[in-house]
1. Could you count how many residues in segment 42-70 are touching a helix residue (DSSP H, G or I) at 6+ places or on another chain (Cβ under 8 Å) and surrounded by fewer than 19 Cβ atoms within 10 Å (Cβ to Cβ)?
2. Count, please, the residues in segment 59-87 that happen to be among the acidic types (Asp, Glu) and part of a loop (DSSP other than H, G, I, E, B).
3. Taking the condition of being in a helix (DSSP H, G or I) and either β-branched (Val, Ile, Thr) or surrounded by 16 or more Cβ atoms within 10 Å (Cβ to Cβ) (or both), how many residues in segment 309-323 meet it?
4. Which of the residues spanning segment 205-227 are surrounded by fewer than 19 Cβ atoms within 10 Å (Cβ to Cβ) and either without any contact (Cβ under 8 Å) to a residue 12 or more places away in the chain or touching a helix residue (DSSP H, G or I) at 6+ places or on another chain (Cβ under 9 Å) (or both)?
5. For the list (1) surrounded by fewer than 16 Cβ atoms within 10 Å (Cβ to Cβ); (2) in contact (Cβ under 8 Å) with a residue 12 or more places away in the chain; (3) out of contact with any Phe, Trp or Tyr (no Cβ under 9 Å at 6 or more places or on another chain), I need the number of the one condition that Arg103 fails.
6. Could you go through segment 307-323 and let me know if any residue there is among the aromatic types (Phe, Trp, Tyr) and within 20 Å of Val190 (Cβ to Cβ).
7. May I ask you to say which residue of Ala56, Ala90 is touching a residue at least 60 places away in the same chain (Cβ under 8 Å) and part of a loop (DSSP other than H, G, I, E, B)?
8. Could you go through segment 84-99 and let me know if any residue there is surrounded by 24 or more Cβ atoms within 10 Å (Cβ to Cβ) and among the aliphatic types (A, V, I, L, M).
Amino acid sequence: MRAMRAETFSGYEGLKLIDLPKPAVTDGTVLVRMTAAGVTPLDHTILSGKFHGSKAPLVLGNEGAGVVEEGGGTDFPVGSRVMFFGAYGAFEDGTYREWIALRKEDLCLIPDNVDGVSAAGIPVAYLTAQVALTLAGFRAGKTVLAPAIGGSIGNAVTQLARALGARQAISTTTSHAKADQAKALGFNEVVDTSLEKLGDGVRRITSGYGADIVIDGVGGEVLSEELGVLALGGSLTTLGYSAGRTTTIDVTNLIVPQASIRGLNMFAQPKASITDAWKVIVSLLKAGAIKPIVAKTFPLVEAADALRYLIEGRPFGRVVLTI
């Protein structure tokens, strides 16, 4: 079978098209014919040699969609369309290939109203978003901020919070064009930081209240700015660092509102948390209350170009490999 594998962690040129044996099914695994694989910033981090624990050579990709061919039993009969997330592509070979043997507990049936390409970009973003919101104590009426409306986490958190009854579901963008695109898609609480500061925008939208919950997948100095808008008793969850791994914190932004900050590692979450998150996500997908946005697709052999487009092109929406 064809696979795009990182032979070395040396950047885009490290990805090579190779031929691998079709995986065998063992107890507890399900053979899935891949139809699409989500492309994520983590793939680029690993390919750049900046992620702990990953070792080359490695087939990248930790999410995707496909069709069950063997081993799914009555829960996932042959022919079922499934989407999935796991440690694939980080600590074991991942989804940039034609077939994969997956742990059964990592699978979720794709709702009938969701196409396979869109499904491939759902697991990482929406599971991370829902787990983060749950751990932050989200409930209807809360105000939520998740920066980067065009990015996977920012968009997923914003959609989920809005669908679940947030008072305000706020995001940001550094691009006026993306602000216009967001508005056209119905995201009306987006701070255009090319025109105003993040803090000023959040205070304007919330009439000075601030954010009860911040879910940050950006890092860098953006995180520092977010701390300045936390409401009384608010919390910030950090789970990504696309804008940088270091920042400067004004501790009074935590002390005065008696706020808190925590980290989230999806690979360390208990299976029950993932299962609960899937239930919420699937229900909202079926109802049409959330809808994944795909910016562009690439064929498997163009995986390096897909990653470059994601990282350097900074599109609005997900990038997906079709297989």
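1. Result for segment 42-70: 2.
2. Selection size over segment 59-87: 1.
3. 3
4. Result: Ser207, Gly208, Tyr209, Ser224.
5. The single condition Arg103 does not satisfy is (3).
6. yes
7. None of the other options fit; the residue is Ala90.
8. No, that holds for no residue.
The values are calculated or read from the model by the stated rules, or taken from the named source; none is laboratory data. Predicted model, so just to flag it, every value in this text is computed and none were measured. As a convention, Cβ positions derive from the backbone with ideal geometry for all residues, glycine included, and neighbour counts pool all protein chains shown. What goes into the accessible areas is simple: the full protein's heavy atoms, side chains included, and nothing from ligands, DNA or RNA. Shrake-Rupley method; radii C 1.70, N 1.55, O 1.52, S 1.80 Å.
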